[in-house]
Structure formats: structure tokens, C-alpha cells
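A.B. asks: Sharing a structure here in C-alpha cells format.
The values are calculated or read from the model by the stated rules, or taken from the named source; none is laboratory data. If you're wondering where the values come from, they're calculated on a predicted model, not measured in any experiment. Methodologically, a virtual Cβ is constructed for each residue, glycine included, from the backbone with ideal geometry; neighbour enumeration extends over all protein chains shown.
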There are 2 protein chains.
Amino acid sequence: MRWAVVLAGGSGTRFWPLSTPENPKQLLPLAGSVSTAEESIDRLTGLVPRERILVVTGAALAAQIQQRLNLPGANILVEPRAASTAPALIWATSEAQRRDPEAEVLSLHADWAVGDAAAFRRTADTALLTARQHQCLVTVGMVPSRPETGYGYIVPGAPLADGVRMVARFSEKPDAATALDLMAAGALWNSGLFAWSAELLLAEVEAHTPEVAPQLPALKAGNVGEFFRGVTPISIDVGLLERSGSVAVVSGAFAWDDIGTWQALTRVRAKDPNGNVVVGNASLHESEDCIVWTDRDTVVLSGVQDLIVVQANGRILVMPSERASSMKQLLDALPPEVRDVHS
Amino acid sequence: MRWAVVLAGGSGTRFWPLSTPENPKQLLPLAGSVSTAEESIDRLTGLVPRERILVVTGAALAAQIQQRLNLPGANILVEPRAASTAPALIWATSEAQRRDPEAEVLSLHADWAVGDAAAFRRTADTALLTARQHQCLVTVGMVPSRPETGYGYIVPGAPLADGVRMVARFSEKPDAATALDLMAAGALWNSGLFAWSAELLLAEVEAHTPEVAPQLPALKAGNVGEFFRGVTPISIDVGLLERSGSVAVVSGAFAWDDIGTWQALTRVRAKDPNGNVVVGNASLHESEDCIVWTDRDTVVLSGVQDLIVVQANGRILVMPSERASSMKQLLDALPPEVRDVHS
């Protein structure tokens, strides 16, 4: 049967001061009126039933995740430690297989914005069918909309079926010129939307992932703590997909965004005629291309351009849009009593 | 005896959203830790005793003014209507004379920042002595520190004493080139710090101010309401000083500012090494020449220049410093529910 594994860990700081350890990015209504985590679960309706959706997260968020996503407690998998994506996905896949030996797994992240849920489901369906029919690991490659340098790219190779090809190679975070070349050559963004049968994934890990494979017996014995203590943190891309020869890529031709920075709101939310994105109460006067998020006070902008203005959790942030990707440097420069925010 | 008349009416909007009808500019701690109205009263210590300080204000503010300034209730003069400065000053001077036929009056405004209180008192003392010795109206002209186009200028004429001359003429709100010429020629800012004997002022009004003079009998009869109903609103500058031939000017060589806009805070408050003025909790990162005022949330600026950022009364205002003098246009453009703020 089909299962979904949703990665919902992490407490990133790129949406400071809105995101907090208690209310991280995936629990924020960044792309709509509900959180991206809730949207991610809702988007699976008709594709995977809720009782077969497993969510991987950390101990600090588990209770809130379960409540917000309204899933059975047994479907919330609490990582003993964060160890990148390979251990999390291998554990969750193994858990699906324990409950269903024939498990076919779709894996995704809880912090995505997707423009067309029906297209997402059609593509995910194709990925799951491809994984079964061709006995391979499948990654969904998103058709790029810009030469983004922060993503990995997939270069497709030999055709398998309509819109499905084998992966020729991966290109991780290219420079701007290379990103343009990759786009022109038909390379796709490596999104993290994957499909595989549990049986094949575990066999491939055994063959290609020495950082994790020695701990598979602990996992089969149900000793999750020992598994996580023994593994070396590594991503599924580096630790398996780039090493395996059995990876197919399905093209995903729908708007997809991992909402990496405040700037991403201009892609996933509607803009006013002056290019501004506003969430909360605000009046914008002779201002263009700004991003405003306010939880409480009414924001008034006059005569400004390309600014991010956020009020949340007792902080007011004002910075140029171009600094959205440098949030870490800003937070490193702030005194702890200013930087540390809580919901 | 010496009396002081402090004009403390008005509920200007140039410090929106901090200033409100209940808490207008003169009651805000714009230049220091207490309001400019309180500073104005404190600055008179040793020059005029508190029991001889009369404060003119409107009905909406009277109770708060009395409490904040800790003055006898009889010293708060509540204008029945706002009618510019001439009726207010004539009424208050007449009231001083009613209590003290020999009254010598110093008049000032409640919303000034003064850099050197001792110099202010020495200059005010000179103004009061000049008014008595030379039987004239006296205005204190501030030595300009910039070619300000928003002020009136006084061109001094024949010398009367050291630092004291007759007024040759007034020049109201010159253009920038004229302001530079006026500065170069030794003209002084017309501040609104005046001195006169009650007897002379009322005689001069009788002679030169037909907008008010016909109502003087009502005032003498104690009918303030009739006086204000009958007068034509006019400033003391236009209605009397520019018409009288008996006006002397005393040079005031101390920092003086009427704190006309948010931008004025850069003149009356200390700046950090990057030229920023901050009131309230804030962390500024790679930001220059900004003005931050926050009543509650901690403001974080990163990579911005020449911005005004204010949080007060449920509003957050962000605009370039150069727009500080265009507050009226902004407020006219805002929806009433955003514009109307209350403390």
C-alpha cells in the first residue's frame, strides 16, 4: 500500500522573528491561511490516507505537530537526534515496512508551498507508479522557474516513459552561470519529493550507504535509539541517490517553493499592484516591492521600496529584501536577549 | 513682577503615530526623559516662580496639563477656541495684569527643546530687562544653525545695547537662497520667545491690532467667551509685531529647536556613532542615520539608511527621513481607521 513520510523537523531561523523554537517555519501560515505542514497533509488527500502518513519530527515539536496535523499518535515519529535526511527517511521507510511489508513510500517536506495540488498529486502518483513498475528510486524534479543557486539540480538521462527519465547526474548548488546553463539544458530542481518501495530503498542503503547500513539491524530489532546513535548524519541525496545507479526522475511541472526566506513570500503569495506582499493590517503609501508581516500593530509604509518589515513575538524587523538570505549573519550579530524569541 | 505665559495648545500630527489628541507633542518626552512641556516649566526655575506661570491650552488637555505640570488650577487658562497666538497671548497678558498691574510677561511655547537652560534664562532675563528699560516689545531672535526655510527670520536694525537691537523687519518662511542670504546678513530666527510689560502690550494691541482690539473691553470685563467669539484669529507676529515700530530683538545664542518633525530628533537627541537616534529598545546592524522610536517591541534594523521607524499606539510607521516634513500628505492618504490613533 501507499505511505507518505513527511519530514517536519528543524526550527530554522530564516523567518525570524516570526519563527520560534515553539512555532517553527513548518507550523507558520507562510503560504496561506494555515501552516505549510497542514497544507502538506491536506494536499495528500486522495493519494495517501491519513492513517498511512508518518511524520518525522523532533521531541520539542511532537505534541504540537500531532495536534495541529490531527494524526494518530503512532504516526508521529520522534527522532532521538537530528541526523540529516537519510537516517530519518530510512527509519520512517522501515517503520512503514514493519506495518506493511509491501509499503510504497512517498517522501516530502512539511515546509513547501505548492501552486497546484492536483498537479502535485498526479506527479506523485506517477512517481509511485514509476518506482513500482521500474523497480527504482524516484525523485521528482521541478521544472525551474529561475536560475536559483541555492538548490541542487538533476540532469536527466535516458528516457523511461513519457515525462520519466533516468537520472544522469546531480549538480548541487551551482554558481549563477552554471545554473543558467543547467536550466537551458533541461535540468530540474531536486526538490526532496521522492518515491520508492520500502524493500528497494533498504536494499539500496545496504549497498551504497555505509554511514547508515551497519545500523539497519538495530532498526529491524526496533532499537531506534541505537540506530540513531550509530549512524553518521548524511542526506539521502548524498548518501544514496547520488551513489545509486537506479534513480529515475519524474518532471514536476507545478509551482513549488520551499519558502527559504522572507523574500520567498513574493513567489507564494499574491502581490498588490505595486508588487507588495502584505500579511496582517497595513497601509502602504507610495511604496513598492515590500514584504510586510504583522501579527498585531497596523504597519504604515510611506515612500519605501524593497523593504521587509515584520512585527512578531515582540520584535520589529526592518531590512532590505536583498538581505533576506543573510538572516544568519544578522542573528549572529544580535545580542542574545534580542535574538532569542519565543511564541 | 515677572510672569510667564506658556502656550501649550494644539494637537499636531507631525509626530504621528506617537502623538495623539490625548497626548500631543508637548506632552511627549521628545527631547529627553520628560515632556517638553515639563522641561519648559522647569527651565524657568529661578526666573519666574511657578505661581506666576500661566499656561494656555485647550479644554481637552487642561486636566492633564495641570497634573503633569503641577501648577495651581487657576494658572491653567483654557481657551474657548483655538484662535492663533495673538488672542491667547493677549488674554494671558491681560490675566497677568488683572492679578498684578505691574506685570512683566515672558511668553514661550511648551514644545521647545533648549540646549542650555542657563543661557536661556540669561537671555530671557535680558529680554525682560530690555522690555522694561526701553519700553518696547521684545522678541528673542535665535542665532540660526542652518538655512531653515520653515521659520520666520528677524532682520535686526539700530543697536540699543550689547546684543540688543531694534527690529528692522521680519521675513517669513524664505526660500532656500533667501534663507542663506538672511543667515549671512545676521538675521535671526523668530522663535516665539517674547517679553513685554502688560501695559505696553495692551496699548500696542489697541493701536495696531483691529482683529482683537475691539474685544479688549470684554476681556477687561472678565468675559473671556465673548472675547474669543469676537476676535479674528491672527498670530502675534502678523497681528502686532510686524506692525508695531517698538520691537527690539535680543540675540539668543543657545541651541533652540521647536521639534517640528521626527527628523528634528537628530538635532535634539544624542546620536550613536553611525548617526542613528534610538529611543526605546533596538538593535541596529549596519544601519546609518536612522531614527527609531519604540514604546514596546524591540526594533531590529539591518542594512538600512535614513529611515524613520516608529512603533506607538498600535501603529508601526516606516518612511524615509526626508518624508518627515510631509506627514500631512501621508495622513491625508491613510484610511481614517488607520490614521486615528489614541493613547
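A.B. asks: Among the numbered criteria (1) under 22 Å from B:ALA312 (Cβ atoms); (2) buried (at least 19 other Cβ atoms within 10 Å of the Cβ), which single criterion is violated by B:GLY12?
C.D. replies: (2)
A.B. asks: Might you let me know whether region B:289-296 holds any residue that is touching a residue at least 12 places away in the same chain (Cβ under 8 Å), buried (at least 18 other Cβ atoms within 10 Å of the Cβ) and within 8 Å of chain A (Cβ to nearest Cβ)? Even if it seems obvious, please write down each step before you answer.
C.D. replies: At the first step, the residues of region B:289-296 found to be touching a residue at least 12 places away in the same chain (Cβ under 8 Å) are B:289-296.
In the following step, the residues that additionally are buried (at least 18 other Cβ atoms within 10 Å of the Cβ) were identified as B:290-294.
Add one more test, that the residue is within 8 Å of chain A (Cβ to nearest Cβ), and what stays is B:294.
Within region B:289-296 (the criterion being touching a residue at least 12 places away in the same chain (Cβ under 8 Å), buried (at least 18 other Cβ atoms within 10 Å of the Cβ) and within 8 Å of chain A (Cβ to nearest Cβ)), the answer is yes, since at least one residue qualifies.
A.B. asks: Evaluate the following for B:GLY245: is it surrounded by fewer than 16 Cβ atoms within 10 Å (Cβ to Cβ) and within 11 Å of chain A (Cβ to nearest Cβ)? Give the derivation first.
C.D. replies: On the way: surrounded by fewer than 16 Cβ atoms within 10 Å (Cβ to Cβ): yes; within 11 Å of chain A (Cβ to nearest Cβ): no.
In short, no.
A.B. asks: Restricting to region B:297-323, name every residue that is of a type in the set (A, V, I, L, M), free of Cβ contacts under 8 Å to residues at least 40 places away in the same chain and under 10 Å from A:SER302 (Cα atoms).
C.D. replies: Those that are of a type in the set (A, V, I, L, M), free of Cβ contacts under 8 Å to residues at least 40 places away in the same chain and under 10 Å from A:SER302 (Cα atoms): B:VAL318, B:MET319.
A.B. asks: Quick check on my filter: what residues within region A:155-178 are assigned to a strand (DSSP E or B) and either out of contact with any helix residue (DSSP H, G or I) (no Cβ under 9 Å at 6 or more places or on another chain) or of a type in the set (Ser, Thr, Tyr) (or both)? Outline the logic, then answer.
C.D. replies: Going residue by residue through region A:155-178, those that are assigned to a strand (DSSP E or B) are A:155-161, A:164-172.
Scanning region A:155-178 gives A:PRO156, A:GLY157, A:ALA158, A:PRO159, A:ARG165, A:MET166, A:ALA168, A:ARG169, A:SER171.
A.B. asks: In region B:313-340, what residues are under 23 Å from the mean Cα position of the chain (by Cα) and either on the phi > 0 side of the Ramachandran plot or of a type in the set (A, V, I, L, M) (or both)? Full working, then the answer.
C.D. replies: Residues of region B:313-340 that are under 23 Å from the mean Cα position of the chain (by Cα), as a first pass: B:321-329, B:331.
B:ALA324, B:MET327, B:LEU331 - these are the residues of region B:313-340 that are under 23 Å from the mean Cα position of the chain (by Cα) and either on the phi > 0 side of the Ramachandran plot or of a type in the set (A, V, I, L, M) (or both).
A.B. asks: Determine whether region B:228-235 contains at least one residue that is of a type in the set (D, E, K, R) and within 14 Å of chain A (Cβ to nearest Cβ).
C.D. replies: Going through region B:228-235, the residues of a type in the set (D, E, K, R) turn out to be B:229.
With within 14 Å of chain A (Cβ to nearest Cβ) added as a condition, the list becomes none.
Checked against the condition, which is being of a type in the set (D, E, K, R) and within 14 Å of chain A (Cβ to nearest Cβ), region B:228-235 yields no hits at all.
A.B. asks: While we're here: Would it be correct to say that A:SER326 is in contact (Cβ under 8 Å) with a residue 60 or more places away in the chain, out of contact with any strand residue (DSSP E or B) (no Cβ under 6 Å at 6 or more places or on another chain) and either over 25 Å from A:TRP112 (Cα atoms) or polar (S, T, N, Q) (or both)?
C.D. replies: On the way: in contact (Cβ under 8 Å) with a residue 60 or more places away in the chain: no; out of contact with any strand residue (DSSP E or B) (no Cβ under 6 Å at 6 or more places or on another chain): yes; either over 25 Å from A:TRP112 (Cα atoms) or polar (S, T, N, Q) (or both): yes.
Answer is no for this residue.
A.B. asks: Can you name the residue in region A:255-265 that is hydrophobic (A, V, I, L, M, F, W, C) and buried (at least 18 other Cβ atoms within 10 Å of the Cβ) and, of all such residues, is nearest to the other protein chains (Cβ to nearest Cβ)?
C.D. replies: Of everything passing the filter in region A:255-265, A:TRP262 is nearest to the other protein chains (Cβ to nearest Cβ).
A.B. asks: For the subset of region B:15-38 comprising residues that are β-branched (Val, Ile, Thr) and crowded, with 18+ Cβ neighbours inside 10 Å, which member is nearest to the other protein chains (Cβ to nearest Cβ)? So that I can check it myself, show each step before the final result.
C.D. replies: Narrowing region B:15-38 to residues β-branched (Val, Ile, Thr): B:20, B:34, B:36.
Then keep just the ones that are crowded, with 18+ Cβ neighbours inside 10 Å; that gives B:20, B:36.
On the way: B:THR20: 14, B:THR36: 24 Å.
Per the stated criteria, the residue is B:THR20.
A.B. asks: Next question, about the same structure. Can A:ALA88 be described as closer than 30 Å to A:ALA213 by Cα, exposed (fewer than 15 other Cβ atoms within 10 Å of the Cβ) and not acidic (Asp, Glu)? Give the derivation first.
C.D. replies: Details: closer than 30 Å to A:ALA213 by Cα: yes; exposed (fewer than 15 other Cβ atoms within 10 Å of the Cβ): no; not acidic (Asp, Glu): yes.
When the stated conditions are applied, A:ALA88 does not pass them.
A.B. asks: Conditions first: (1) touching a His at 6+ places or on another chain (Cβ under 9 Å); (2) surrounded by fewer than 18 Cβ atoms within 10 Å (Cβ to Cβ). A:LEU240 passes all but one, so which condition is the exception?
C.D. replies: Of the numbered conditions (1) touching a His at 6+ places or on another chain (Cβ under 9 Å); (2) surrounded by fewer than 18 Cβ atoms within 10 Å (Cβ to Cβ), the odd one out for A:LEU240 is (2).
A.B. asks: In region B:266-288, is there at least one residue being more than 27 Å from B:ASP116 (Cα to Cα) and away from chain A (no Cβ under 12 Å)?
C.D. replies: Restricting attention to region B:266-288, the residues satisfying the condition of being more than 27 Å from B:ASP116 (Cα to Cα) are B:281-288.
Among the residues that remain, those that are also away from chain A (no Cβ under 12 Å) are: B:288.
Within region B:266-288, one or more residues are more than 27 Å from B:ASP116 (Cα to Cα) and away from chain A (no Cβ under 12 Å).
A.B. asks: Going through B:GLU199, B:GLU211, B:GLU204 one at a time, which residue ends up being in contact (Cβ under 8 Å) with a residue 24 or more places away in the chain and not in a helix (DSSP H, G or I)? Break it down stepwise before answering.
C.D. replies: Details: B:GLU199 fails: not in a helix (DSSP H, G or I); B:GLU204 fails: not in a helix (DSSP H, G or I).
Only one candidate passes the filter, namely B:GLU211.
A.B. asks: With the condition kept exactly as written, say whether any residue in region B:134-144 is more than 16 Å from B:LEU193 (Cα to Cα) and assigned by TED's automatic domain parsing to the domain that holds B:PRO174. Please lay out each step first, then the result.
C.D. replies: First, the residues of region B:134-144 that are more than 16 Å from B:LEU193 (Cα to Cα): B:134-135.
Pick out the ones that are also assigned by TED's automatic domain parsing to the domain that holds B:PRO174 and you get B:134-135.
Yes, because at least one residue in region B:134-144 is more than 16 Å from B:LEU193 (Cα to Cα) and assigned by TED's automatic domain parsing to the domain that holds B:PRO174.
A.B. asks: I've got another one for you. Which of the residues belonging to region B:10-33 are within 20 Å of B:THR266 (Cβ to Cβ), free of Cβ contacts under 8 Å to residues at least 60 places away in the same chain and not in a loop (DSSP other than H, G, I, E, B)?
C.D. replies: none
A.B. asks: Let me ask you something else. Looking at region A:308-343 only, could you name the residues that are facing another protein chain (nearest Cβ under 7 Å), surrounded by 14 or more Cβ atoms within 10 Å (Cβ to Cβ) and of a type outside the set (Gly, Ala, Ser)?
C.D. replies: Initially, region A:308-343 is screened for residues facing another protein chain (nearest Cβ under 7 Å), giving A:309, A:311, A:314-320, A:323, A:330, A:333-335, A:338.
Those left that are additionally surrounded by 14 or more Cβ atoms within 10 Å (Cβ to Cβ): A:309, A:311, A:314-320, A:323, A:330, A:333-334, A:338.
Hits for region A:308-343 are A:VAL309, A:GLN311, A:ARG315, A:ILE316, A:LEU317, A:VAL318, A:MET319, A:PRO320, A:ARG323, A:LEU330, A:LEU334, A:VAL338.
A.B. asks: Please tell me if A:VAL318 is modelled with pLDDT of 95 or more, part of a strand (DSSP E or B), within 20 Å of A:GLY32 (Cβ to Cβ) and outside the structural domain of A:PRO21 (by TED's automatic domain parsing).
C.D. replies: Details: modelled with pLDDT of 95 or more: yes; part of a strand (DSSP E or B): yes; within 20 Å of A:GLY32 (Cβ to Cβ): no; outside the structural domain of A:PRO21 (by TED's automatic domain parsing): yes.
No.
A.B. asks: Now, a different point. Can you pull out the strands (runs of 3 or more DSSP E) entirely within region A:252-301 that have at least 1 residues that are under 30 Å from A:TRP189 (Cα atoms) and at pLDDT 95 or above? Don't jump to the end; show me each part of the working.
C.D. replies: On the way: elements: A:277-279, A:282-285, A:291-294.
The qualifying strands (runs of 3 or more DSSP E) are A:277-279, A:291-294.
A.B. asks: Residues being in a strand (DSSP E or B) and surrounded by fewer than 20 Cβ atoms within 10 Å (Cβ to Cβ): count how many of those fall in region B:110-154. Full working, then the answer.
C.D. replies: Step one: of region B:110-154, the residues in a strand (DSSP E or B) are B:113-114, B:137-142, B:152-154.
Among the residues that remain, those that are also surrounded by fewer than 20 Cβ atoms within 10 Å (Cβ to Cβ) are: none.
Of the residues in region B:110-154, 0 are in a strand (DSSP E or B) and surrounded by fewer than 20 Cβ atoms within 10 Å (Cβ to Cβ).
A.B. asks: Just checking, which of A:GLU79, A:GLU95 is touching a Pro at 6+ places or on another chain (Cβ under 9 Å) and either closer than 29 Å to A:GLU206 by Cβ or modelled with pLDDT of 95 or more (or both)?
C.D. replies: Values: A:GLU95 fails: touching a Pro at 6+ places or on another chain (Cβ under 9 Å).
Exactly one of A:GLU79, A:GLU95 is touching a Pro at 6+ places or on another chain (Cβ under 9 Å) and either closer than 29 Å to A:GLU206 by Cβ or modelled with pLDDT of 95 or more (or both), namely A:GLU79.
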